[in-house]
Amino acid sequence: MKKILVVLLVLVAATGVFAQEGEWSLGGNVEIGAFVDFSADDIVASGSTYNFPYAGWGPIQGTLGIGYTLDALKVGLTFSTSRDEIVWGDISYDGGNYALAAYSDLTKLIQGTGDQQRLWGYYKLLNEMVTLEAAYRGPDKFYWESDTTGALVKYTSSLGSNYYTSWPHAQWGTGNAFTEQPWATTNTFSGTDKQDYILADVTLSNLEFGVMLPHIFPSLGLGGTTSNLLENTMKKAVVGLKFNMQPVEVAAQFQMGNYGVYFGGRWFIGPVTAGLSFSGILDPDAPSKVMRFGGGVEYNPGVFGAWIKAFYGTEKLTSGDRGTQIGIEPGFFYNVIPSHLQFKTSVGFYFTGGKTGGVKNDLEVGWAVQPELFWNFLGTGAGSYWSYGTGMIVRYRLLADEDGMGKTNALDVNFKFSY
């Protein structure tokens, strides 16, 4: 704690140096919520937020942010009521044809108990035609992708160790399969969130292509100081391309070592978007082969929108065991009051089967429904969680199945405040 106070005193003293130039800003937010679980014999309630019960991040907390901007330089400090994340610091500089960013939990950094959360930078070369990016802990973005309905479900079991599935199942993430089952987030191989890599990307008019070399700057997940260049970098390299010429875009990726492939495309015509995609881990020497094919249609003219997505996923082990799943996920939203209130409903139907030990498994059928109300208190536009800072969200999630896949019956209410 004394070290933190010393850092803060230095920062306070530094304000006198910067006060004559640049601009200072002040902001913050509070998010408080309650999660009520009706699935057990006893109805229980717990403190929560919108992202915590189903995604596992974002606890109840309040933050105060102090920012300083001088031309292209931005520096910030964020103070949080969260016990594990008391003080955050960030710095970024955008020089046009080059940029850098660092974002770290200063509490853990001072104590020597944590790693940087973001540390990356890039150059734009040859009249900004070529982007060369180096990241020790990268930003949260993707390259060379289009439709992702047929992309794989990915999670990180430990830093630097990624696992892909065609759908969330008993081995996925927290092991709470059906709680996470509906509307799972799918990812291509080019995700950079907190990854270390060197990336080169070339943009020529409507064509973009490049290569990503991971684990060049090995971090905690690879033993701390070294990385096997062949196994962890060259065999995990990703080559990708994307072509966009309205009304069509297509993208492809190839991951070397795992024989990982991704193909995706979208077609745009007015308020209608249609997409198809495929992903697979096809390495013949891998313990399992994973594939997923999917597509969907979305209609969004503004005030009202609807969509339907569908996928077929399969996983086959070298032992001969095999699992398959078909998912159908429709939904819609309606901006009841375009300036304030949105109603949204997501639905999912899942049919799961396969073989174990040469014996065909019984077909398991599950379904899920989730209605939500998003209220923007300040009336700056109806939308989802990320579109406003002050308001309230009411969500109900019901998941049902016929045989052992789990069950959720829960209501949560979340209050957001920002200034």
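The values are calculated or read from the model by the stated rules, or taken from the named source; none is laboratory data. Being a predicted model, the structure only gives us computed values, none of them experimental. Methodologically, a virtual Cβ is constructed for each residue, glycine included, from the backbone with ideal geometry; neighbour enumeration extends over all protein chains shown.
Please name all residue pairs, on different chains or six or more residues apart, with Cβ atoms under 6 Å, provided the first residue is in region 259-275 and is more than 26 Å from G302 (Cβ to Cβ) and the second residue is part of a strand (DSSP E or B) and of a type outside the set (S, T, Y).
Listed by first residue and then by second, the contacts come to G260/I281; V261/F254; V261/G280; Y262/Q253; F263/A252; F263/F278.
Out of F311, F377, I need the residue that is in contact with a Gly (Cβ under 6 Å, 6 or more places away or on another chain), of a type outside the set (G, A, S), under 30 Å from G260 (Cα atoms) and surrounded by 14 or more Cβ atoms within 10 Å (Cβ to Cβ). Which one?
Sole residue among the options that is in contact with a Gly (Cβ under 6 Å, 6 or more places away or on another chain), of a type outside the set (G, A, S), under 30 Å from G260 (Cα atoms) and surrounded by 14 or more Cβ atoms within 10 Å (Cβ to Cβ): F311.
In region 372-382, how many are touching a strand residue (DSSP E or B) at 6+ places or on another chain (Cβ under 6 Å) and either aliphatic (A, V, I, L, M) or touching a residue at least 40 places away in the same chain (Cβ under 8 Å) (or both)?
Here the count works out to 2.
In the list G295, G240, which residue meets the criterion of being closer than 21 Å to E329 by Cβ and either at pLDDT below 95 or not basic (K, R) (or both)? Spell out how you get there, then give the answer.
Details: G240 fails: closer than 21 Å to E329 by Cβ.
The unique qualifying residue is G295.
Being touching a Leu at 6+ places or on another chain (Cβ under 8 Å) and modelled with pLDDT under 95 is the filter here, so list the residues in region 66-79 that pass it.
L77, T78, F79
With the structure loaded, tell me whether T226 is farther than 28 Å from Q342 by Cβ, of a type in the set (S, T, Y) and not in a strand (DSSP E or B) or whether it fails that test.
Yes: the conditions hold for T226.
When the residues of region 44-91 are narrowed to those that are among the hydrophobic types (A, V, I, L, M, F, W, C), surrounded by 13 or more Cβ atoms within 10 Å (Cβ to Cβ) and not in a strand (DSSP E or B), which ends up nearest to the chain's Cα centre (by Cα)?
F52
Residues to consider are L119, L199, L132; find the one that is under 20 Å from the mean Cα position of the chain (by Cα), part of a strand (DSSP E or B), of a type in the set (A, V, I, L, M) and at pLDDT 95 or above. Walk me through it before giving the result.
On the way: L119 fails: at pLDDT 95 or above; L132 fails: under 20 Å from the mean Cα position of the chain (by Cα).
L199 is the lone residue from the list that is under 20 Å from the mean Cα position of the chain (by Cα), part of a strand (DSSP E or B), of a type in the set (A, V, I, L, M) and at pLDDT 95 or above.
Filter region 352-385 down to residues that are assigned to a strand (DSSP E or B) and of a type in the set (G, A, S) and give me whichever is modelled with the highest pLDDT.
Of everything passing the filter in region 352-385, A368 is modelled with the highest pLDDT.
Suppose we keep only residues that are farther than 13 Å from G295 by Cβ and not hydroxyl-bearing (S, T, Y) within region 319-329. Which one would you say is surrounded by the fewest Cβ atoms within 10 Å (Cβ to Cβ)?
Ranking the candidates gives G320 first.
Pairs needed: first member in region 347-371, touching a residue at least 40 places away in the same chain (Cβ under 8 Å) and surrounded by fewer than 17 Cβ atoms within 10 Å (Cβ to Cβ); second member anywhere, among the hydroxyl-bearing types (S, T, Y) and not in a strand (DSSP E or B); C-beta distance under 9 Å; at least 6 residues apart or different chains.
none
For region 291-307, which positions are within 21 Å of the chain's Cα centre (by Cα) and not acidic (D, E)?
M291, R292, F293, G294, G295, G296, W307, listed by residue number.
For region 16-57, how many residues meet the condition of being in contact with a helix residue (DSSP H, G or I) (Cβ under 9 Å, 6 or more places away or on another chain) and more than 21 Å from L399 (Cβ to Cβ)?
1
Based on what the data block shows, is I328 closer than 17 Å to L152 by Cα and without any contact (Cβ under 8 Å) to a residue 60 or more places away in the chain?
Numbers: closer than 17 Å to L152 by Cα: yes; without any contact (Cβ under 8 Å) to a residue 60 or more places away in the chain: yes.
Criteria met by I328.
Please go through region 246-266 and give me each residue that is modelled with pLDDT of 95 or more and farther than 21 Å from K309 by Cβ, ordered by number.
F254 - this is the single residue of region 246-266 that is modelled with pLDDT of 95 or more and farther than 21 Å from K309 by Cβ.
Being among the basic types (K, R), more than 29 Å from K154 (Cα to Cα) and at pLDDT below 90 is true for just one of K108, K2. Which residue is that? It would help to see each step written out before you state the result.
Values: K108 fails: more than 29 Å from K154 (Cα to Cα).
Residue meeting the stated conditions: K2.
Collect the residues in region 135-177 that are assigned to a strand (DSSP E or B), more than 30 Å from G96 (Cα to Cα) and modelled with pLDDT of 90 or more, keeping them in residue-number order.
Selection gives L152 alone.
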